[in-house]
């Protein structure tokens, strides 16, 4: 193991951090397959962090996607003292990973809906266990379905949503990643958002 | 139209319309959508969402939040039918580490909780370690810990899924329990103390929890059947049961390589309860105090309803920084009633530095319970005011008689006075007439007399003793000795007094001055009462201000020639007397006597009381003749006016006797002492403190006149009464034990004396601790009796301890310190440590001359010692005047005075050494006669003296 390991939360991980760092630097240089190889690592980190946030999270507080991605980045390279490079490339990978997590999770839920027994839960773990409420209560399956349809109808719009919604990238940076004009991203982003929201609002009409 | 077409058209339309005002949108939609309602609806929905700026995707936190909330459910969602030999009934909960099921065991038939961990164990080595740890956990057996019955693994693919089988507990989580039952702070604290007990049990078995939090503690309503009554009681607090003890360690620390996800999840989920050192991530430095920290946070949360740090929404690194660096709001600032002890206890448990926390969960629970019992908590460096406050709260009954009496006094007097004053003012036409003033004064008199009577029952000594005892009682057995050692340096009487001084009296003085600036008579009366109270408690310095202010205030309002001024002067005189300012005291008493005589005539009770004070000041200055004359006059007057059995008459009889004894008119002194004692026994009974007191004075007299048998009998009688009345360890009883020992050592019964001195010393240490001045004097006494028995090295140890202690406690010039210095000086002479001995001799001599005057018996003792020292070191000419002076002085105290005997012998040796053998023989012979008379022929001293006389005679002959 390399580097110091006494930073908060920096426990040894299943992912070989040397590889992650290497992959990240290859990613920065624009090597396509780096993103592909990095994805599973990011996936694992994000899934762990996101899952954990839930238990410490109150519905009236904000969890920013950037914070989540940032944390995953730090964990991957195991260097909390290193400057967050704010890499758009990494965000893009992260966004993809999150999209993937969402999809897998939705799949699991679909399976459950099909016939698994619905576990009745007692409040054993009630500490901080608050169901996110209000506008954030998106059904994961619905969201996954909607995103799936969107990427079929207009892959670029779907990708823009991923980068913004999961990766936390602002318009200019999305434009950078996708190598299109900001103007285009802005237009697609507004369209896609309106469309998805309309899709998800569904029966409320 | 395909959906793709609809989509494309909708997008186009949306682009066109999204920046158009809604009113104008309809026209465009009408025109462009034509007869396609599907398209139109689609666009309208999009526009609506766009305008609202919100929608499902517009929520705060974006995709991360959506993922987070949904992932919490993303654990194994299928319920297994069977795990090991347990049949799963239902899922009862899930957390970061695993899923908990209710399950049934066949044999024994019981309901269990089954916790299946999320992370598998993949290596043989880890499996062995898991089994070992599980075995340790099985050893935990405490009613506050959910029992672990079994730990095993269930094969799942190529890994083994660990699971724990635990006691199934029907209960609700700690925080829910506290909230839903509307627990008071006290109930919550008691419940938490029980949690601490359980944690401590595990710690003692070497198991840390490391993930303590409210959701890990279930509270079960406890039904207790008491054996004696067979009745069923429901404990209203409930029995907490801690879940998952040690599981964090089993599944985390040792297996962290494989449990990254669990680990991370856990960190964030419980970060609020994690100690700074835990968050620093170095598991090597963790010890049980990280659980103490968690208990502190739980206390904070349960009592205040919130967490000490707001960590919500913060990335882990930031959360860790906050916990490690930011000071949380003190709980008292969140919930003001928790200020004080609870705040201190919670604060100490949550200290960022582990070594500043409670060392153990047991200490935490002890302190919680001390608080609940209103005893002092140890979290504090105990300030005096704090100790007094705790003491007062705990001893409410006593408080009425003690601490709060002062408050009552001040508030009572002030309150009554305010009432009086306003009554006077309401009746304004009469307010300033003499009659009204007189009435007011009378009322005030009765009020403050009542208060003064209450005060006489206040005993700072007793209070100090109780304070100390309550501290020791509260300490756990194992730590009592240690605490006792630490308390030794504290003089509790002083603590009690100082606390009263600062908390009650100084404030009372301020209040009196401010409140009654406009009512000078009321103010004067209150000042005088306060002064008297302070003096009664020995807080003389503070008393002087109000005492003299009272005189001035009365004089200004009523003129110098008033009974009020006379009374105030008398009080001031008494104060000066006990402050050893005898001349000033005499002046005040005389002025008071003059006023009383002027107003009430000769020998009024007022004048007699004042003259008694004048006499006392004479006596203390060594002017015995004047003292005797005055005491005689007072006694005669009182016999005439009050009768011979009146308390004051008896007291005067005793006072005259003491003065006569001072002036060595021993015969009359003796008969008066006996008279006083007899009348006291009749008037007050054998078991009354006044009788004890006069008995003690008579006993001292009997010692002086060498009537040892009678003294012995008297003291033994007194002691028997006291042991029965007051108990063996009462201060007065101990004082009599000390006196009895003194008689016994004088008559040569050294071993009995030593045993009593030791009993006295032990009793006093028990009461006051080792640092107390009385205890130090008894320490010196023990040294003295050891020295008499020739154990001089042991004696030196005690003498030094006494001297060093008294210097610190009383100052170098105090008579007791000087006595101790003198004794040590004599012993060192014996041990031939001459330089130090000489220094101490001189110190004792000069000190006594300055403080007590040349005629005081103690000064004579120092004079004798100086002579002895100089003679012993061969300075015969320098020794001569001292020994001659000692003999002269002691001869004045009676032919058989013990000091005279010693002086005769010592001067005899000097003469012998000077070669003046005839004089030597005469002196020693006189001593021998006296000793034979008083001590008997068999007393060791008598025998020695006889032998010495023989030697001198031999020299004379040869």
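The values are calculated or read from the model by the stated rules, or taken from the named source; none is laboratory data. Remember, it's a predicted structure, so these values are computed and weren't measured experimentally. With ideal geometry, Cβ positions are generated from the backbone for all residues, glycine too; neighbour counts draw on all protein chains shown.
Scanning the stretch B:347-367 for residues being farther than 15 Å from residue B:291 by Cβ and surrounded by 17 or more Cβ atoms within 10 Å (Cβ to Cβ) gives a total of 3. Among residues that are surrounded by fewer than 23 Cβ atoms within 10 Å (Cβ to Cβ) and in a helix (DSSP H, G or I), residue B:564 is included. Of all the listed residues (B:301, B:306), the sole one being in contact with a helix residue (DSSP H, G or I) (Cβ under 9 Å, 6 or more places away or on another chain), within 12 Å of another protein chain (Cβ to nearest Cβ), part of a helix (DSSP H, G or I) and modelled with pLDDT of 80 or more is B:301. The residues in the stretch B:184-220 that are away from every other protein chain (no Cβ under 14 Å) and either in a helix (DSSP H, G or I) or free of Cβ contacts under 8 Å to residues at least 40 places away in the same chain (or both) can be counted, and the count is 21.
If you go through the stretch B:578-596 and pick out every residue that is surrounded by 23 or more Cβ atoms within 10 Å (Cβ to Cβ) and touching a residue at least 40 places away in the same chain (Cβ under 8 Å), you end up with 0. Just to be sure, is residue B:152 in a loop (DSSP other than H, G, I, E, B) and away from chain A (no Cβ under 13 Å)? No: the conditions fail for residue B:152. Of the residues making up the stretch B:621-643, none is assigned to a helix (DSSP H, G or I), within 40 Å of the chain's Cα centre (by Cα) and surrounded by fewer than 21 Cβ atoms within 10 Å (Cβ to Cβ).
Listed here are the residues, each with its yes/no results for (1) surrounded by fewer than 18 Cβ atoms within 10 Å (Cβ to Cβ); (2) part of a helix (DSSP H, G or I); (3) under 34 Å from the mean Cα position of the chain (by Cα).
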site	(1), (2), (3)
B:774	no, yes, yes
B:784	no, yes, yes
B:795	no, yes, yes
B:800	yes, yes, yes
B:821	no, yes, yes
B:825	no, yes, no
B:832	yes, no, no
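Can we say residue B:240 is within 14 Å of another protein chain (Cβ to nearest Cβ), modelled with pLDDT of 75 or more and in contact with a strand residue (DSSP E or B) (Cβ under 9 Å, 6 or more places away or on another chain)? When the stated conditions are applied, residue B:240 does not pass them.
Taking the conditions (1) buried (at least 24 other Cβ atoms within 10 Å of the Cβ); (2) within 41 Å of the chain's Cα centre (by Cα) in turn, residue B:684 satisfies each one other than (1).
Residues in the stretch A:150-159 that are more than 8 Å from chain B (Cβ to nearest Cβ) and within 18 Å of residue B:12 (Cα to Cα): A:150, A:151, A:152, A:155, A:156, A:157, A:158. Please determine, by comparing only the residues of the stretch B:69-105 that are at pLDDT 80 or above and assigned to a loop (DSSP other than H, G, I, E, B), which one is farthest from the other protein chains (Cβ to nearest Cβ). Step by step, filter the stretch B:69-105, then rank; the result is B:85.
Only one residue in B:30, B:35 is more than 11 Å from chain A (Cβ to nearest Cβ), farther than 19 Å from residue B:151 by Cβ and modelled with pLDDT under 80, so which one is that? Just one listed residue meets the conditions, B:35.
Scanning the stretch B:600-620 for residues that are surrounded by fewer than 16 Cβ atoms within 10 Å (Cβ to Cβ) and either closer than 29 Å to residue B:856 by Cα or touching a strand residue (DSSP E or B) at 6+ places or on another chain (Cβ under 8 Å) (or both) yields a count of 0. Any residue at all in the stretch B:889-898 that's modelled with pLDDT of 90 or more and under 18 Å from residue B:948 (Cβ atoms)? So far as the stretch B:889-898 goes, no, none of its residues is modelled with pLDDT of 90 or more and under 18 Å from residue B:948 (Cβ atoms).
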